[in-house]
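The values are calculated or read from the model by the stated rules, or taken from the named source; none is laboratory data. Everything quoted here is computed from the prediction, not taken from an experiment. For neighbour counting, all protein chains shown are included, and Cβ atoms are generated from backbone atoms with ideal geometry for every residue, glycine included. The accessibility values were calculated without ligands, DNA or RNA, using every heavy atom of the protein model including side chains. Shrake-Rupley method; radii C 1.70, N 1.55, O 1.52, S 1.80 Å.
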Amino acid sequence: MTGNEIRRRFLEHFESREHKVLPSAPLVPRGDPSTLFISAGMQPLQPYYLGLSDPPAPRLASVQKCFRSVDIDEVGDRTHTTMFEMMGNFAPTGAYFKETAIPLAWDLVHGTFKLPVDRIRITVHPTDEEAYRVWTDEIGIPSDRIHKMEDNWWGLGRGPCGPDSEIFYDLGHEVGCGQPDCEPGHCDRYLEIWNLVFPQFDQQEDGSLVPLPKPAVDTGSGLERTAAALQGVQDVFATDLYLPIMTFVRESSSRREERSERIVTDHLRAMTFLIGDGVVPSNEGRGYVLRRVIRRALLHARRLEMKRALSNGVVIVTDLLNEPYPALTQRAGQIGVAVQAEAARFQKTLEQGLEQFEKVIARHKQALPGDEAFKLHDTFGFPLELTRELAEERGVEVDEEGFRAAMAAQRERSRGTIASQWVAVKDLPRSEFTGYSELSTSSKVVALRSAGRAVESATEGDEVEVFLERTPFYAESGGQVGDTGVITTPSGRVQVEDTQKPSDGVIAHIGTVTTGEVKVGETATAAVDAHRRHAIARHHSATHLLHKALRETLGESVVQKGSWVGPDHTTFDIPLNRAITKDELARINRRVMDKVREALPFHESHKPYKEAVAQGAMHLFEEKYGDVVRIVCFGDWTCELCGGTHVKNSADVGPAVILSESSIGSGLRRIDMVVGEPADALILRDRELMQDLARSFNAVPEQLRERVASLRAELKAAERERQKLLDELRSARVKGGNGLHVKHGRVDYVTETVDASNLDELAAYADRYLELMKSGIVTVVAGDKFVIKVSKDLAPEFNATQLGKLIGTGGGPPHLARGKLGDGLTAQEAFERLEDALK
């Protein structure tokens, strides 16, 4: 039975049993920045379990794509994967419980999938007699095949929790430990193929378990592991869900190494899904996880001596999964380009980094110091995980505490420690800047500094500040970030990670000696990272166009108050006591693009400061200028005093997109903008998103606004109708049954338990009771929540909040208290306390 057939039969099984089949949600959780990825089948359904929204049906089923970053280090054995598909059936509001969930699973496992009973093992929690009884009495599983295990419990700390029951498949005596008394959870012999979770309690702070009013069902069956069982293999990578990818890896490799083959196979599949769902490689969050997956795959591909590019495997993955995920096939080309781009970035440093690692490990054969591990990370882009993995293969431990300390020290230096050292040095040499006309310059090393003091030489691994006679490296100033690149001498090489200006005319190249030794007096070739410089130049030139467009649109009082110019985006700060409107931003963006299309030529000149200002060149009053200044112009449209680097023509800026404008303080606004390649990527991503949305709404992109507005109106109308029906239902419940039970004391009062999922519903019930009473006090309880409402005529005498303090915690206005019952207090005990107070 193929993976596609297993997936299809699973959904058909539950659809034929009154379950609504839901499509897989994207791997990136919608509206939840606190969670990196969907990592469980029920995760997209949490609002239904928490009572935040109503499920589309009482019974649900899905096959959800999942990604677990915590398992990255585990990949390489027979069963662990990062990206997987979780088949599941769900009853979030109590439509059924164990008596139905267990037979539903067994009907599929044994009835449809035909897995033999003698290869099945069941686990239950020791206290879960109900599940044990269903398995033995109703299903007929022999008791010696059911294992009671303490681990079969779902939930941590306070909140919903309960037992779970797992189904394991026996891979055979030849797998695992080989012991005759082996049982599930002991070794690899038993493969977990289904977990039935039964949230039925609410755990309190004191550890007590309060039964939930509606116990739920949440199950998960891993498609890949189920496929291994049904296809008679002992390795998920031998199933048809992975084998074509594994074959591509093996046929492309000159060496055989099973663990590395599995890692490349899994990671290739994972990166395809992640990029397909909109994740891009970066240095933080989801992007960092993706970057780590790609780079780890590249490292193991290198070990296998793969001859074909990793990106060539993307189409293998998309073809394999075209049936359940056709959108992946449509994006295969774009995914491949993204993988190739990241591979190219990593390849620049991988060769150097591995060579450096071997040198470091040769010096430290017992333990790798933390500062050395940090240098590999900081200089060569080696994540700590890769260093740890390489070291473990050689039996060497990595000082991770030392790594973290070195990381903290580096952050401290970036806050200004190096700058403070420079202030104390009065005789730093000046450099001639050649970077306006060239990106590579022949020069000479005139000074070196390391650890805050002057040195005559620096050797491999040393952090160093290099001062050159001539340099094309732009030092951070005027909002533009410093250049990065390489300085090469006859005896060594320095990877420049930043360029700073300690004082006027002084340019410090900050980096690490990566090869050999660098000495004062040596000739040197200084080469800037050209791609990064060009990206920075585009953004800097764009800020000049933006500045002029802002003044034309918002008035001449708008002047630059600050900026940050980098390779990926730029920010621009202006004085303004209001937000810039949507229409104004659109006009500003159009004006910038008009000037880009006009291809205004760049030209520069040098003039006395007073003459330049008199001729109208824009300048910053807070900035200090020399007697002679550099004037930068694009055509005759905009001229500013500027020392930064620029493109040769405004057309070189490329597409420009204003991302946002926001307040950064009283009377200050900040505009964020991207141009060039980052803008291209943004436009492409947004276009794909628009097309995907249009397809999902069965419309063309131009109709989306109208279609969404129509759907919102329908939802509002449906919500109003729903609220109306709920009110009618509450009124019917209040009036029905045995009638209104009014108790009499100092005043009339009602105490009732009702079925409500939140405090708003509870308050609505209180209103219905009070409408019938006219005058009195109503207390309603649902679970551990309560609402107390006092009629207007009694409000001067009875305070709802004070009454609420008798039974729990909460608050509100004097006539209406909302809150939670005290720990361990039942509704009946709460009612008795109120009755004592109102006798």
Return the subset of Lys65/Lys348; Lys307/Lys365; Lys716/Lys820; Lys724/Lys774; Lys519/Lys607 for which the Cα-Cα distance in this structure is over 27 Å, preserving the input order. Lys65/Lys348; Lys307/Lys365; Lys716/Lys820; Lys519/Lys607
DSSP beta bridges in the chain: the antiparallel percent, rounded to 5, is 85 percent
I'd like to check one number: the per residue accessible area of the chain, probe 1.4 Å, reported in Å² as a whole number. 46 Å²
Restricting things to alpha carbons, tell me how big the range 574-654 is in terms of Rg and Dmax, in Å. 14.8, 41
Keeping all protein chains in the complex and leaving out DNA, RNA and ligands, what accessible area do you get for Arg587 with a 1.4 Å probe, in Å² to the nearest 10? 110 Å²
Hydrodynamic radius of the range 435-575 per Kirkwood, over alpha carbon pairs, in Å: 16.2 Å
On C-alpha positions alone, give me the angle between the axis of helix 676-696 and the longest principal axis of the chain, in degrees, nearest 10. 20 degrees
Please list Met271, Met773 in order of solvent-accessible area, largest first, computed with a 1.4 Å probe with all protein chains present. Met773, Met271
Residues with amide H under 5 Å of Lys785's amide H, sequence separation 5 or more or different chain, H placed in the peptide plane at 1.01 Å from N; which? Leu821
Projected onto the charge dipole of the range 778-818 (unit charges on the beta-carbon of Lys, Arg, Asp and Glu, signs +1, +1, -1, -1), the Cα from Val790, Gly811, Thr779 with the largest positive-side position is that of Gly811
Given a 1.4 Å probe and every protein chain left where it sits, what share in percent of the accessible area of the range 719-839 is carbon and sulfur? 50 percent
When N is the residue count of the chain, what does its C-alpha Rg come to as a fraction of 2.2 N^0.38 Å? 1.19
So Arg256 and Leu689, fully extended at 0.36 nm per residue minus their Cα-Cα distance, gain in nm 151.8 nm
Overall dimensions of the range 729-838 by Cα: Rg and Dmax, Å: 12.4, 33
With Glu584 itself left out, Lys, Arg at +1 and Asp, Glu at -1 over residues whose Cβ is under 14 Å from its Cβ give +4
Carbon and sulfur together cover what percent of the accessible area of the range 191-239 at a 1.4 Å probe radius? 50 percent
Sequence gap at least 6, Cα distance under 8 Å: using those rules, report the relative contact order of the chain to the nearest whole percent. 6 percent
Taking 76-83, 705-712, 193-200, 248-255 and ranking on average Cβ neighbours within 10 Å, highest first, one gets 193-200, 76-83, 248-255, 705-712
Percent carbon-and-sulfur accessible area, the range 300-354, ignoring ligands, DNA and RNA, probe 1.4 Å: 55 percent
Got the relative contact order for the range 78-232 handy, in percent, Cα pairs under 8 Å and 6 or more residues apart? 30 percent
Value of Rg to Rh for the range 638-758 (Rh from inverse mean 1/r over Cα pairs, i.e. Kirkwood): 1.34
Highest first, please rank the peptides 719-730, 353-364 by the mean number of other Cβ atoms sitting within 10 Å of their residues. 353-364, 719-730
Three principal axis extents, largest first, for the C-alpha atoms of the range 27-146, in Å? 46, 41, 30
Evaluate Rg over Rh across the range 264-366, taking Cα atoms for both radii and Kirkwood's formula for Rh. 1.05
Percent antiparallel among DSSP beta bridges confined to the range 697-830, nearest 5, equals 75 percent
Rounded to the nearest 5, what is the percent of antiparallel bridges among the DSSP beta bridges in the range 92-168? 60 percent
Assigning unit charges at the beta carbon (Lys, Arg +1; Asp, Glu -1) and nothing else, what dipole magnitude in debye, to the nearest 20, does the chain show about its Cα centre? 2240 debye
Kindly express, to the nearest 10 degrees and within the range 0 to 90, the angle between helix 530-554's C-alpha long axis and the longest C-alpha principal axis of the chain. 80 degrees
Taking a quarter of the surface of the convex hull around the Cα atoms of the range 183-244, what do you get in nm²? 6.5 nm²
